[in-house]
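The values are calculated or read from the model by the stated rules, or taken from the named source; none is laboratory data. Keep in mind it's a predicted model, so treat the numbers as computed, not measured. Methodologically, a virtual Cβ is constructed for each residue, glycine included, from the backbone with ideal geometry; neighbour enumeration extends over all protein chains shown. For accessibility, only protein heavy atoms count, side chains too; no ligands or nucleic acids. Shrake-Rupley method; radii C 1.70, N 1.55, O 1.52, S 1.80 Å.
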Amino acid sequence: MALRKIREMGDPILEKTCKEVKEMTPRTMDLIDDMFDTMYEACGVGLAAPQVGILKRIAVIDCGGEDGEGDPIVLINPVVLETSGEQRGQEGCLSVPGKCGIVTRPNYAKVKALNEEMEEIIVEGEELLARALLHEIEHLDGHLYVEKVEGPLLDVQPGEAEEIEDFDEE
Ligand code: NI
């Protein structure tokens, strides 16, 4: 297990557009493994490659299964195919530690991507998963959720989870 340093807001690498992944290499496999390790260690539900300083179109997500077992998803070169509905809720980001804010997003998202075998996959999600998919894909084009926050960025209250998992719309 290897943890990578999470870049924080203000780091110019978070504002860059990432490049498509053309082929899977041992180096890219290691990156994906490290991204999961880094995300789990930080108790996040998603992490994009630029957050660990790599400008590749790769994101990992795990919003957990219903039984709490985890549901790891690898997205390579993801493209949003469809969105619908609306959800309004608190959102956070591992690159903006200790903060959260209200963001309105579609309640449903359908995404096309490649998995770690470079096979095409379709990932569909509602609520937290839709939010995570859209949040992570925006990172690949240099965008942070803070651009969409309604009102001020808030401090995460002590005892509250630092990521978006506890914050779905009430
Ligand atoms: Ni983020």
Restricting to region 13-24, name every residue that is open to solvent by 40 Å² or more (accessible area, probe 1.4 Å) and of a type outside the set (D, E, K, R). Thr17, Met24
If you take just the strands (runs of 3 or more DSSP E) that sit entirely in region 37-95, which of them hold at least 2 residues that are within 14 Å of the ligand (Cβ to nearest atom) and of a type in the set (Gly, Ala, Ser)? 46-48
Restricting the search to region 135-148, which residues are in contact with a Cys (Cβ under 9 Å, 6 or more places away or on another chain) and of a type outside the set (Gly, Ala, Ser)? His135, His139, Leu140, Asp141, Leu144, Tyr145, Val146
Single residue of region 96-118 satisfying the filter (more than 16 Å from the ligand (Cβ to nearest atom) and basic (Lys, Arg)) that is most open to solvent (accessible area, probe 1.4 Å): Lys112
Conditions: (1) surrounded by 13 or more Cβ atoms within 10 Å (Cβ to Cβ); (2) at pLDDT 95 or above. Cys63 meets all but one. Number of the miss? (2)
Taking the stated definitions as given, is Gly46 within 14 Å of the chain's Cα centre (by Cα), within 25 Å of Met1 (Cα to Cα) and at pLDDT 95 or above? yes
